[in-house]
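Peer 1: Dropping a structure here in structure tokens format, bear with me for questions.
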Amino acid sequence: MAKKQFKTESRKMLDMMINSIYTHREIFLRELISNASDAIDKRHFRSLTDPAVGLENGEYAITIGRDKDARTMTITDNGCGMTAEELEKNLGTIARSGSLDFKRENKGADDLSVIGQFGVGFYSAFMVSDKVTVRSRAVGADTANQWESEGTDGYTVEPCDYAPVGTEVTLHLKPDTDDEKYGDFLDEYRIKGLVKKYSDYIRYPIKMECEHQQRVEEPENAGEDKEKKEPKYETVREVETLNSRVPLWHRQPKDIKSEEYDSFYTDKFYDPEPPARVIHFRTEGTVTYEALLFIPKRAPYNYYTKNYEKGIQLYSNGMMVMERCEDLIPDCFSFVRGMVDSPDFTLNISRETLQHDRQLRVIGRSIEKKIKAELLDMQEKERDKYEEFFRAFGLQLKYGVYADYGVKKDLLQDLLMYVSSREKKYVTLKEYAGRMPEGQKAIYYACGETAEAAALLPQTEAVTARGYEVLFLTEDVDEFTVQMLGKYADKEFANVSAENADLSTDEEKAALKSENEGSAELLKFMKDSIGDEVSAVRFTNTLKGHPVCLGSEGAISTEMEKVIEKMPGAEGDPRPKAQTVLEINLGHPVAASLKKLYAQDKDRVATYAKILYAQARLICGLPVKNTTELSDMICGLMAGEDGKGE
Ligand code: ADP
């Protein structure tokens, strides 16, 4: 029989399939099952107006058969079937999607779910087969027909014997290669896994004959010596339904118990812990969809590595079309797991590479709002749980504020928390701003390795002594985050170590200024003794009992410099540095001692300057470069070695 040629477009598509544009060949099964499900939908739909079209007895079902010896797999349905013309039109021409035609011709069919409206489905069979045979009998037809093809060189259509109404697709699997063991697709276990993964929620049963071992019960008194007897097993074949059929998200939230959500989540996302929160809603409007989302309690082990892949599963009427749709979830909420199901997609080429446009963005935006609202609700009503969540994912939220020039800062700012000087507990910015005393000009923060270290900073004490609360920033990203925020509730953020945190009155400032001017020569001498590491040495009147501290001028603080130093980059790259100022407490006896010594013993002032600078570095958690020199200097003073001691 003469082979017919595929239409040009179809040939191209087929070529792509054979050479697999899909990264995962396994999706062929999903495609064929979805076609079968569509065909049953159509038959069922027609039977509503023409009962003769419906099933006489039995149930609608999709059946998977396999024959390991012949290396074939069959997918059979009792749907609408195809006539010879339809086989020709539907399987010979890819550009024309039968499902869409059906929708157009049957206006009342709007709510009939036609999931295979995308166009490449059937040809995906050629990703795993070197020959595909389709036998089909259309509902009401007297004859059946067979369509067969071995790929791009064409196809045949001829009458055949096939008694039942519906379609049977037989795949002749390709020979195994080193890279791909096509024969594995016949394993019971593999098929079960694929159905669970991609087609679990197809509403018709997907059946397959499965094997299991069953113990053979021996009669009670058979045989004398019972101990020696091994239990006997026999292989039993039974037809099983492989899919669970009703997606949890299609059900009404009020009918779902929290244990059902929990076990669904733990099974599906391999998390041993139930989720912290479940978000389940349905939206109708520009885009109609259902979403079932989970906020985990704990971060997966690889969460903060580049191996972690974010994404929300995308379904179209119960069939998974994408395992991880990144467009549905912003990076700052990448910890959220779950699924979105929408019948509204207008996909055309590949479901795998779908770049899904406006609709996805609309859904993504509303999901983002829902997640934020849920988190705020948790923060308000279940504070302990929220703190546990924040310990796991707070870092991600902070990066989220900082990333992309702060586009998400308004979304995220109220979700942040910092430990503060007030109660040594987490406080939100809203809580902080809400309890600021009258006249407080800025939101103060101090940086340190730990909250305890930040609390011990001399500058922290100077600010808390005025009755102001100080937030402790302990993670690398923290200060970058607050700088990106810039302001909260109209108050600027101020590092207690920076010049803009100076809380002195105008008179105090003026007095300090004249002190510094009067000692300009001494201070310059000290700066020169220390070297380029400091941009200035100054007296200050804000420190309470502490003799020294490091302050900074300009946009880069000492903490930020530490983080920048740690960032990867070429050796010797010029990196932005903090302009460090060594501040000496004017009220401390050491200040008077320096002034006095400067007139008598400059060498000793130089030594003091170096020691004071080293101390200031140690106080704020910075390393001292030359520890031996420091030790020598201190011991020298102890021993009065320089011979000029009192
Ligand atoms: P799509 O399903 O996206 O329309 P396919 O290439 O998968 O594209 O299938 C082309 C057409 O072939 C379908 O639209 C449908 O009309 C027909 N078809 C495929 N499989 C079956 C089936 N099992 N029963 C009836 N018709 C089918």
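The values are calculated or read from the model by the stated rules, or taken from the named source; none is laboratory data. It should be emphasised that the depicted structure is a prediction, and the values quoted were computed from it without experimental measurement. Every residue, glycine as well, gets a Cβ built from its backbone with ideal geometry; the counts of neighbours run over all protein chains shown. Surface areas here come from the heavy atoms of the whole protein model, side chains and all, with no ligands, DNA or RNA. Shrake-Rupley method; radii C 1.70, N 1.55, O 1.52, S 1.80 Å.
Peer 1: Of all the helices (runs of 4 or more DSSP H) wholly in the range 12-115, which have at least 1 residues that are more than 8 Å from the ligand (Cβ to nearest atom), modelled with pLDDT under 65 and surrounded by 15 or more Cβ atoms within 10 Å (Cβ to Cβ)?
Peer 2: Result: 98-105.
Peer 1: Now a separate question. Hand me the list of strands (runs of 3 or more DSSP E) wholly inside the range 439-539 holding 2 or more residues that are open to solvent by 30 Å² or more (accessible area, probe 1.4 Å) and over 19 Å from residue 586 (Cα atoms). Steps first, please.
Peer 2: Numbers: elements: 442-447, 470-473, 491-495.
Correct list: 491-495.
Peer 1: Residue by residue through the range 281-300, note down the ones that are open to solvent by 10 Å² or more (accessible area, probe 1.4 Å), at pLDDT 85 or above and over 13 Å from residue 336 (Cβ atoms).
Peer 2: Within the range 281-300, 281, 282, 283, 284, 288, 290, 298 qualify.
Peer 1: Going through 359, 440 one at a time, which residue ends up being at pLDDT below 95 and under 26 Å from residue 456 (Cα atoms)? Lay out the reasoning, then the answer.
Peer 2: Values: 359 fails: under 26 Å from residue 456 (Cα atoms).
Matching residue, one of 359, 440: 440.
Peer 1: Give me the residue from the range 126-156 that is at pLDDT below 90 and outside any loop (DSSP other than H, G, I, E, B) and, out of that set, farthest from the ligand (Cβ to nearest atom). Walk me through how you get there before you give the answer.
Peer 2: Filtering the range 126-156 down to residues at pLDDT below 90 leaves 126-127, 151-154.
Next, only the ones that are outside any loop (DSSP other than H, G, I, E, B) stay: 126-127.
Working: 126: 11, 127: 13 Å.
Among those residues, the one meeting the criterion is 127.
Peer 1: Can you report the number of residues in the range 254-265 which are open to solvent by 40 Å² or more (accessible area, probe 1.4 Å) and under 13 Å from residue 296 (Cβ atoms)? Give the steps one after another, and end with the answer.
Peer 2: Within the range 254-265, the subset open to solvent by 40 Å² or more (accessible area, probe 1.4 Å) is 254-255, 257-260, 262-263.
Those still in the list that are under 13 Å from residue 296 (Cβ atoms) too: 262.
Number satisfying all stated conditions: 1.
Peer 1: Now for a different question. Can you spot a residue in the range 219-238 that is modelled with pLDDT of 85 or more and out of contact with any strand residue (DSSP E or B) (no Cβ under 7 Å at 6 or more places or on another chain)?
Peer 2: Scanning the range 219-238, I find no residue that is modelled with pLDDT of 85 or more and out of contact with any strand residue (DSSP E or B) (no Cβ under 7 Å at 6 or more places or on another chain), so the answer is no.
Peer 1: Does residue 173 qualify as being more than 16 Å from the ligand (Cβ to nearest atom), within 20 Å of residue 134 (Cα to Cα) and in contact (Cβ under 8 Å) with a residue 12 or more places away in the chain?
Peer 2: Working: more than 16 Å from the ligand (Cβ to nearest atom): yes; within 20 Å of residue 134 (Cα to Cα): yes; in contact (Cβ under 8 Å) with a residue 12 or more places away in the chain: yes.
Answer is yes for this residue.
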